[in-house]
């Protein structure tokens, strides 16, 4: 079982907001499902008009057309809308440039990697870089009060800055080449100027700057170095995480969910650049224990997802019952930029949920780096337990630290208290996944809900890995707590279902991450979880049907833990016979691949290492020893076939050789028993 690992080229902090994966590849499917295909050509033609008003109109129209509409977005992309908008970035009219930047920003957020990669490949950074000094100079004039610009003109600049910064952080996640190009711009001073002037600026560009910094400092040495070099930057970030007031002392902003988002982002930035260098005052702060965990734990407990889903559905129903502005407009005229009350509430709800997702992402990193936890769970006077989340938190969370706690023990103590809210966050809602081969009724809400479920599972995965490493006896003997967590994960998977097909990628991803969590739970409470035949069969089926060896390894590891319940002789027999079927036989290789074969071999050794277990009767009566003896040469051959030059090959070969030697020793041990 491995901790969730981060890969720069593949990680997207803001997953595709409006997926189009439910659509078959190509433009034909998009054409047949888009209700706006007839207006695309006029819009693209007007984008080349000699009339600046028409060019601006066309840029605005693109944003309106793609709103929650992946089919139309794909059609526009097929007509080179990205190239057309990039051309407008050098337009003679500033208002056209602003609207083109806004449309590119919306395409980045909604469309994800493909569109971002297309923008980078079409050299969007060439004109984009020129905007940064212009924005910086204009903001300096505003902040110094050297200009009497009207408020609406200022807001236009703030919106433009928000768009420019957002595209930069989206592009930085596209590829290492894009990241390197953005590193060369040296954005840290520009971005920190927004955070430093947060008391005088709207929340939107300040939050965008923090988000860009969070992405750029994620395992990216140039940005980390630039940020760590200035003690003032670090103090500013720390001040934001500790602030109890809105950034600009505006009561309206205090109730804005982006105020919380800003704090969460700054805590993530501080983690990214830790350890902080002296003599900065922030260097004496324990970032995880004193900043991150106290700030983020309330965030992940703040929003019941079922309530959020119900609220979103209510708003969608109201919105769909009202006449659409687009329907009342003249033909080929884009809808108004004005947002209805329901649209504003949906956007606010999405921001709140994205903040929860962000907090989970940061916590997953915290749990991946925690030391071995040494947590003592006190015995309960009352042996009865209820099934609600409070009992789960109590059973696992009332820990007492040792008198002389080890380094970072405070952060380790957070592990059990995080479990209950995380189990709540993995439970799907009616909006968590789209229907089969169709879009969600509100794609942004569905996107963020499914992302929260997966992030919560990844966090649980790392928590149970840390708890397994700690091998705490008090925790592992609290069988009721283990059973509730186990049942909570299976309850979530039952709601996820096994639907496959276009648009159902998130369901599949949940299963893959959840099996790792089950393995972790099984390891913490090994020998205490009674194998349920239906669950065992599901794990076997998943192992047989998946093409990914890492998922097979997780399934086998989970089955190994279940097989070690002493009194479950039938369950042990079902699992062990399946594991034996994965071994090579009659000169044929294992049907599941080398790494799962190594895991299955190790599992059989571990399960039957104690011949006094009640279920050992299966080993003796089933002739397992003969089957192991017949497979040993094929196992040795499989081990020799591991290429140490491949990624991870060296570590796999080392482990495989250890299992091979253990198998030989185990066979000899069982022979010597003569039972």
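Checking residue 138 against (1) outside the structural domain of residue 54 (by TED's automatic domain parsing); (2) without any contact (Cβ under 8 Å) to a residue 40 or more places away in the chain; (3) more than 22 Å from residue 169 (Cα to Cα), only one condition comes out false. Which one?
Result: residue 138 fails condition (3) only.
Output yes when any residue across region 526-540 is farther than 19 Å from residue 483 by Cα and either touching a residue at least 24 places away in the same chain (Cβ under 8 Å) or surrounded by fewer than 21 Cβ atoms within 10 Å (Cβ to Cβ) (or both), and no when none is. Full working, then the answer.
Initial filter on region 526-540 (farther than 19 Å from residue 483 by Cα): 540.
Subsequent filtering for residues that are either touching a residue at least 24 places away in the same chain (Cβ under 8 Å) or surrounded by fewer than 21 Cβ atoms within 10 Å (Cβ to Cβ) (or both) retains 540.
Taking every residue of region 526-540 in turn, at least one turns out to be farther than 19 Å from residue 483 by Cα and either touching a residue at least 24 places away in the same chain (Cβ under 8 Å) or surrounded by fewer than 21 Cβ atoms within 10 Å (Cβ to Cβ) (or both).
Please pick out the residue among 651, 612 that is loosely packed, with under 13 Cβ neighbours inside 10 Å and within 33 Å of the chain's Cα centre (by Cα). Even if it seems obvious, please write down each step before you answer.
On the way: 612 fails: within 33 Å of the chain's Cα centre (by Cα).
Step by step, each of 651, 612 is checked, and only 651 is loosely packed, with under 13 Cβ neighbours inside 10 Å and within 33 Å of the chain's Cα centre (by Cα).
Residue 448 - would you say it is within 20 Å of the chain's Cα centre (by Cα), assigned by TED's automatic domain parsing to the domain that holds residue 419, assigned to a helix (DSSP H, G or I) and under 21 Å from residue 356 (Cβ atoms)? Break it down stepwise before answering.
On the way: within 20 Å of the chain's Cα centre (by Cα): yes; assigned by TED's automatic domain parsing to the domain that holds residue 419: yes; assigned to a helix (DSSP H, G or I): yes; under 21 Å from residue 356 (Cβ atoms): yes.
Considered against the rule, which asks whether it is within 20 Å of the chain's Cα centre (by Cα), assigned by TED's automatic domain parsing to the domain that holds residue 419, assigned to a helix (DSSP H, G or I) and under 21 Å from residue 356 (Cβ atoms), residue 448 comes out as yes.
Please return the ranges of helices (runs of 4 or more DSSP H) entirely within region 108-200 where 3 or more residues are at pLDDT below 90.
Values: elements: 113-121, 125-144, 151-172, 176-183, 188-196.
Answer list for region 108-200: 113-121, 125-144, 151-172.
Please go through region 222-234 and pick out each residue that is more than 28 Å from the chain's Cα centre (by Cα), surrounded by 14 or more Cβ atoms within 10 Å (Cβ to Cβ) and assigned to a helix (DSSP H, G or I). Before you say what the answer is, go through the steps one by one.
As a first pass, look at region 222-234 and keep what is more than 28 Å from the chain's Cα centre (by Cα): 229-232.
Checking the rest, the ones that are also surrounded by 14 or more Cβ atoms within 10 Å (Cβ to Cβ) come to 230-231.
Of everything in region 222-234, just one residue is more than 28 Å from the chain's Cα centre (by Cα), surrounded by 14 or more Cβ atoms within 10 Å (Cβ to Cβ) and assigned to a helix (DSSP H, G or I), namely 231.
Answer with yes or no whether residue 485 is buried (at least 20 other Cβ atoms within 10 Å of the Cβ) and under 20 Å from the mean Cα position of the chain (by Cα).
Numbers: buried (at least 20 other Cβ atoms within 10 Å of the Cβ): yes; under 20 Å from the mean Cα position of the chain (by Cα): no.
So residue 485 does not fit the description; no.
So the check is Cβ under 6 Å with 6+ separation or different chains; which pairs have a first residue in region 542-557 that's over 14 Å from residue 601 (Cα atoms) and a second one that's outside any helix (DSSP H, G or I)?
Matching pairs, first to second residue: 549/593.
Restricting to region 430-441, give me the number of residues that are surrounded by 22 or more Cβ atoms within 10 Å (Cβ to Cβ) and touching a residue at least 60 places away in the same chain (Cβ under 8 Å).
4
Residue-by-condition table, conditions (1) outside the structural domain of residue 661 (by TED's automatic domain parsing); (2) within 19 Å of residue 524 (Cα to Cα); (3) out of contact with any helix residue (DSSP H, G or I) (no Cβ under 6 Å at 6 or more places or on another chain); (4) surrounded by fewer than 21 Cβ atoms within 10 Å (Cβ to Cβ):
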position	(1), (2), (3), (4)
573	no, no, no, yes
583	no, no, no, no
586	no, no, yes, yes
589	no, no, yes, yes
598	no, no, no, no
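May I ask you to say which residue of 283, 302, 306 is surrounded by fewer than 19 Cβ atoms within 10 Å (Cβ to Cβ), within 21 Å of residue 350 (Cβ to Cβ) and at pLDDT below 95? Talk me through it step by step, then tell me what you get.
Values: 283 fails: within 21 Å of residue 350 (Cβ to Cβ); 306 fails: at pLDDT below 95.
Going through 283, 302, 306 in turn, just one is surrounded by fewer than 19 Cβ atoms within 10 Å (Cβ to Cβ), within 21 Å of residue 350 (Cβ to Cβ) and at pLDDT below 95: 302.
If you scan region 201-221, which residues turn out to be in a helix (DSSP H, G or I) and either out of contact with any helix residue (DSSP H, G or I) (no Cβ under 8 Å at 6 or more places or on another chain) or more than 28 Å from residue 155 (Cα to Cα) (or both)?
Residues of region 201-221 that are in a helix (DSSP H, G or I), as a first pass: 203-216, 221.
Across region 201-221, the qualifying residue is only 221.
Looking for whichever is outside the structural domain of residue 430 (by TED's automatic domain parsing), within 22 Å of the chain's Cα centre (by Cα) and within 24 Å of residue 419 (Cβ to Cβ) here; the options are 514, 492. Which one fits?
Numbers: 492 fails: outside the structural domain of residue 430 (by TED's automatic domain parsing).
Exactly one of 514, 492 is outside the structural domain of residue 430 (by TED's automatic domain parsing), within 22 Å of the chain's Cα centre (by Cα) and within 24 Å of residue 419 (Cβ to Cβ), namely 514.
For residue 524, are the conditions met, namely being under 20 Å from the mean Cα position of the chain (by Cα) and farther than 30 Å from residue 71 by Cβ?
Numbers: under 20 Å from the mean Cα position of the chain (by Cα): no; farther than 30 Å from residue 71 by Cβ: yes.
Judged against the criteria, residue 524 is not a match.
Taking the conditions exactly as written (modelled with pLDDT of 90 or more, outside the structural domain of residue 361 (by TED's automatic domain parsing) and out of contact with any strand residue (DSSP E or B) (no Cβ under 6 Å at 6 or more places or on another chain)), does residue 458 satisfy them or not? Break it down stepwise before answering.
Working: modelled with pLDDT of 90 or more: yes; outside the structural domain of residue 361 (by TED's automatic domain parsing): no; out of contact with any strand residue (DSSP E or B) (no Cβ under 6 Å at 6 or more places or on another chain): yes.
Here the answer is no, as residue 458 does not meet what is asked.
The values are calculated or read from the model by the stated rules, or taken from the named source; none is laboratory data. Being a predicted model, the structure only gives us computed values, none of them experimental. FYI the Cβ positions are ideal-geometry reconstructions off the backbone, even for glycines, and counts take in every protein chain you see.
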